[in-house]
Amino acid sequence: MEIGQKVKVYRLRDRVSASISQKLGKVGIIEGYKVTDGNGVGVVVKFDDNTSTWFFEDEIKPA
């Protein structure tokens, strides 16, 4: 996964808020990375509505 790449959210690993669960199935652009709590690296995704949040790499796939 690279910065600027289009990705689609296809699963959510954990329980999340309603605003994040609405991103399931949406396409966004990778804008950065986030170090998680020791389980790896997360990917920050920005969506068309100008919101952004991070996901684990196994929660997204290339669009």
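The values are calculated or read from the model by the stated rules, or taken from the named source; none is laboratory data. The structure presented is a predicted model; accordingly, all values stated were derived computationally and were not measured. Here Cβ is always computed from backbone atoms with ideal geometry, including for glycine, and neighbour counts include all displayed protein chains.
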Open item on the list: Of all residues being acidic (Asp, Glu) and touching a strand residue (DSSP E or B) at 6+ places or on another chain (Cβ under 7 Å) in the stretch 34-63, which is nearest to Leu24 (Cα to Cα)? Just the residue, please.
Closed with: Glu59
Task: Filter result (among the aromatic types (Phe, Trp, Tyr) and under 16 Å from Lys46 (Cβ atoms)) within the stretch 1-35 - done: Tyr33
- [ ] List the number of the failed condition for Arg13; all other conditions in (1) under 8 Å from the mean Cα position of the chain (by Cα); (2) exposed (fewer than 13 other Cβ atoms within 10 Å of the Cβ) hold.
- [x] (1)
TODO: Please find, within the stretch 26-47, the residue that is nearest to Pro62 (Cα to Cα) out of those that are in a loop (DSSP other than H, G, I, E, B) and modelled with pLDDT under 95.
DONE: Gly40
- [ ] Please find, among Lys8, Lys23, Lys61, the residue that is surrounded by 13 or more Cβ atoms within 10 Å (Cβ to Cβ) and part of a strand (DSSP E or B).
- [x] Lys8
